[in-house]
Amino acid sequence: MSSNKADKWGVAINSELSSLKDNDTFEIVPASRVSAGAKVLDSRWVLTEKIGADGAIKEKAAGRSRGSTA
């Protein structure tokens, strides 16, 4: 990631990944474990800056899936 905020975005992404794993809502599945014909969803990170009531800027990361299993 080439940005002057790359370190902050990295912290935000790691925080979100930790939260997803702690809540058992996310699992990385190696391609070798995916059944033939299974639908695999693509995903991407959505990075945003939030401004708090005190005016402080906080970087937030959210993983979003792309596609449908239907």
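Observations on the structure shown:
- Qualifying residues in the range 24-45 (those that are without any contact (Cβ under 8 Å) to a residue 12 or more places away in the chain and not in a loop (DSSP other than H, G, I, E, B)) - the one nearest to Asn14 (Cα to Cα): Ala31
- The condition of being within 27 Å of Lys58 (Cβ to Cβ), open to solvent by less than 100 Å² (accessible area, probe 1.4 Å), at pLDDT below 90 and small (Gly, Ala, Ser) holds for only one of Ser43, Ser2, Ser19, that being Ser43.
- If you go through the range 46-66 and pick out every residue that is in contact (Cβ under 8 Å) with a residue 12 or more places away in the chain and open to solvent by less than 70 Å² (accessible area, probe 1.4 Å), you end up with 7.
- Residue selected from the range 46-70 under the condition among the charged types (D, E, K, R) and in contact with a Lys or Arg (Cβ under 8 Å, 6 or more places away or on another chain), by the criterion modelled with the lowest pLDDT: Arg66
- Scanning the range 46-57 for residues that are out of contact with any helix residue (DSSP H, G or I) (no Cβ under 8 Å at 6 or more places or on another chain) and outside any loop (DSSP other than H, G, I, E, B) turns up Val46, Thr48, Glu49, Lys50, Ile51, Ile57.
The values are calculated or read from the model by the stated rules, or taken from the named source; none is laboratory data. Computed from a predicted structure; not experimentally measured. When we count neighbours, we look across all protein chains shown, and the Cβ atoms used for this are built from the backbone with ideal geometry, even at glycine. Just the protein is used for accessible areas: all its heavy atoms, side chains included, with ligands, DNA and RNA removed. Shrake-Rupley method; radii C 1.70, N 1.55, O 1.52, S 1.80 Å.
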